[in-house]
Amino acid sequence: MSTTPRIAISGAGLGGLVCARVLQQHGVPVTVFERESDSHSRSQGGTLDIHEDTGQVALRAAGLFDRFLALSRPESQEWRLYDRHATLIRHDQADEGDLTRPEIDRGQLRTLLLDSLAPGTVRWGHSVEAVTPLPHGTARLHHHNGTAEDFDLVIGADGAWSRVRPALSDAQPCYAGVTMVEAHFDDVDRRHPGIANLVGRGTMSAKAGRRSLVMQRNSNGHVRAYITFRGPLDWHAGLDLADTEAVRARLLTQYQGWHESLLDILRENDGDFINRPMFVLPVPHSWQRVPGITLLGDAAHLMPPAGVGANLALLDGAELARAVIDHPTTDEALHAYESVMLPRAIDNAKTAQQMLTTLMPDTDSDAAAFPDTLWPADSLPDSRPAHTN
């Protein structure tokens, strides 16, 4: 840039943080506004497989790849597929030294990114209410407390329900017809040996028709399960979601006829169930460029969780930062960034939608459980739906 731009990022998720990190590496100041009160105010979700052609590219650009590798779990690239009778259909394991998609807990990766930033970069407890474009290509960021600040560039990295997106697009997330109900298991190898045996060192999935059960091993003996099914958004009508035993009974009814070892996923979890309906943005989703405002990650391309969302957010963040660094004006930077990001996002969203339709058909027939179109070796790992981006 010919002059140092004033840059704000709304949202301290992975994409926003890697963008801030790359900017700071090159001497560009940036402020990240985050509605959470601090970095420990809520759980950050499960484990992520960081792909060598997307997420790892971003972490290399941020100068954090070696630190990421030290925290990652390459052995967790293991993946098991079962039918509803608990018959093992497929078992993939990474070769020794394979770093194609090592796993890392989302919280660990976020902490790594936060710790890499200059002190004070993130302003905690500052939610963004809206952004409006101003003359001369700048933008006004409106805070939740009624104050406002002007910036040369405002980046919406604030997820599915972005407050920045309306400045660019009228699109709203809609229910995808599929719900995940999250469950947790602690100290799994000692307290839940049957669960540990099913999940192995990485991820397992058991499916039949419009229902599946997915589990992922996280660090420190923790396992997250995702009870996933096609159905109405109000599948829990008449049910108190805080009533764990009532939710358990409802879910067990849905999975009648499944093997007892798989039903233990519904019976033995520690703590409450968490309802996570799946929302997506329309496909394709794009916008006419607005000077001084752009989006990355789920704010730009919320799609079914087919294992690419977090990776695309990381790549978006690194590429946007690089565009700002490499171009003399923010408008040229946004043109360079959006002309690459938007087509890539549309392609990935189309693939994710097709995968969701195929893997979660609107039928309970076992004949629909394992579609032949998804059997190539390079497609099944991408179908893991439990990354909850």
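The values are calculated or read from the model by the stated rules, or taken from the named source; none is laboratory data. The shown structure was predicted, so the numbers you read here are calculated from the model rather than taken from an experiment. Cβ sites come from the backbone with ideal geometry, for glycine too, and all protein chains shown count toward neighbours.
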How many residues does the range 123-168 hold that are in contact with a Phe, Trp or Tyr (Cβ under 9 Å, 6 or more places away or on another chain), hydroxyl-bearing (Ser, Thr, Tyr) and buried (at least 20 other Cβ atoms within 10 Å of the Cβ)?
-> 0
Based on what the data block shows, is residue 316 touching a helix residue (DSSP H, G or I) at 6+ places or on another chain (Cβ under 6 Å) and either modelled with pLDDT under 95 or assigned to a loop (DSSP other than H, G, I, E, B) (or both)?
-> no
Residue, farthest from residue 9 (Cα to Cα), within the range 152-188, restricted to residues that are charged (D, E, K, R) and free of Cβ contacts under 8 Å to residues at least 40 places away in the same chain = 187
(1) closer than 16 Å to residue 40 by Cα; (2) charged (D, E, K, R); (3) part of a strand (DSSP E or B) all hold for residue 140 apart from (1)
Are any residues in the range 111-122 free of Cβ contacts under 8 Å to residues at least 60 places away in the same chain and either surrounded by 20 or more Cβ atoms within 10 Å (Cβ to Cβ) or under 22 Å from the mean Cα position of the chain (by Cα) (or both), and if so, which ones?
-> 112, 115
Only one of these conditions is not met by residue 181: (1) closer than 23 Å to residue 85 by Cβ; (2) in a loop (DSSP other than H, G, I, E, B). Which number is it?
-> (2)
Working carefully through the options 189, 158, 170, find the one that is out of contact with any His (no Cβ under 6 Å at 6 or more places or on another chain), at pLDDT 95 or above and part of a helix (DSSP H, G or I).
-> 189
Could you list all residues from the range 1-34 that are out of contact with any strand residue (DSSP E or B) (no Cβ under 7 Å at 6 or more places or on another chain), under 22 Å from residue 305 (Cβ atoms) and assigned to a loop (DSSP other than H, G, I, E, B)?
-> 13
Breaking point among (1) at pLDDT below 95; (2) assigned by TED's automatic domain parsing to the domain that holds residue 162; (3) buried (at least 16 other Cβ atoms within 10 Å of the Cβ); (4) not β-branched (Val, Ile, Thr), for residue 354 = (3)
Please work out if residue 323 is free of Cβ contacts under 8 Å to residues at least 24 places away in the same chain and in contact with a helix residue (DSSP H, G or I) (Cβ under 7 Å, 6 or more places away or on another chain).
-> yes
Within the range 239-260, how many residues are surrounded by 10 or more Cβ atoms within 10 Å (Cβ to Cβ) and either among the polar types (S, T, N, Q) or not in a helix (DSSP H, G or I) (or both)?
-> 9
Yes/no for residue 69 being under 17 Å from the mean Cα position of the chain (by Cα) and of a type outside the set (Phe, Trp, Tyr) = no
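So that you can scan it fast, the table gives a plain yes or no per residue for (1) more than 29 Å from residue 10 (Cα to Cα); (2) of a type in the set (S, T, N, Q):
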| position | (1), (2) |
| --- | --- |
| 192 | yes, no |
| 203 | yes, yes |
| 222 | yes, no |
| 233 | no, no |
| 240 | yes, no |
Are any residues in the range 209-230 touching a Phe, Trp or Tyr at 6+ places or on another chain (Cβ under 7 Å) and over 14 Å from residue 265 (Cα atoms), and if so, which ones?
-> 210
Keeping to the range 185-205, report how many residues are buried (at least 19 other Cβ atoms within 10 Å of the Cβ) and closer than 19 Å to residue 45 by Cα.
-> 7
Which one of these is within 21 Å of the chain's Cα centre (by Cα), surrounded by fewer than 17 Cβ atoms within 10 Å (Cβ to Cβ), of a type outside the set (S, T, N, Q) and outside the structural domain of residue 48 (by TED's automatic domain parsing): 99, 88?
-> 99
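Rundown of residues vs (1) assigned by TED's automatic domain parsing to the domain that holds residue 144; (2) at positive phi; (3) among the β-branched types (Val, Ile, Thr), yes/no style:
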| residue | (1), (2), (3) |
| --- | --- |
| 27 | yes, yes, no |
| 37 | yes, no, no |
| 41 | yes, no, no |
| 54 | yes, no, yes |
| 59 | yes, no, no |
| 66 | yes, no, no |
| 69 | yes, no, no |
| 80 | no, no, no |
| 94 | no, no, no |
Tell me which of these residue 84 doesn't satisfy, since it passes every other one: (1) at pLDDT 95 or above; (2) of a type in the set (Lys, Arg); (3) out of contact with any His (no Cβ under 8 Å at 6 or more places or on another chain); (4) within 22 Å of residue 225 (Cα to Cα).
-> (3)
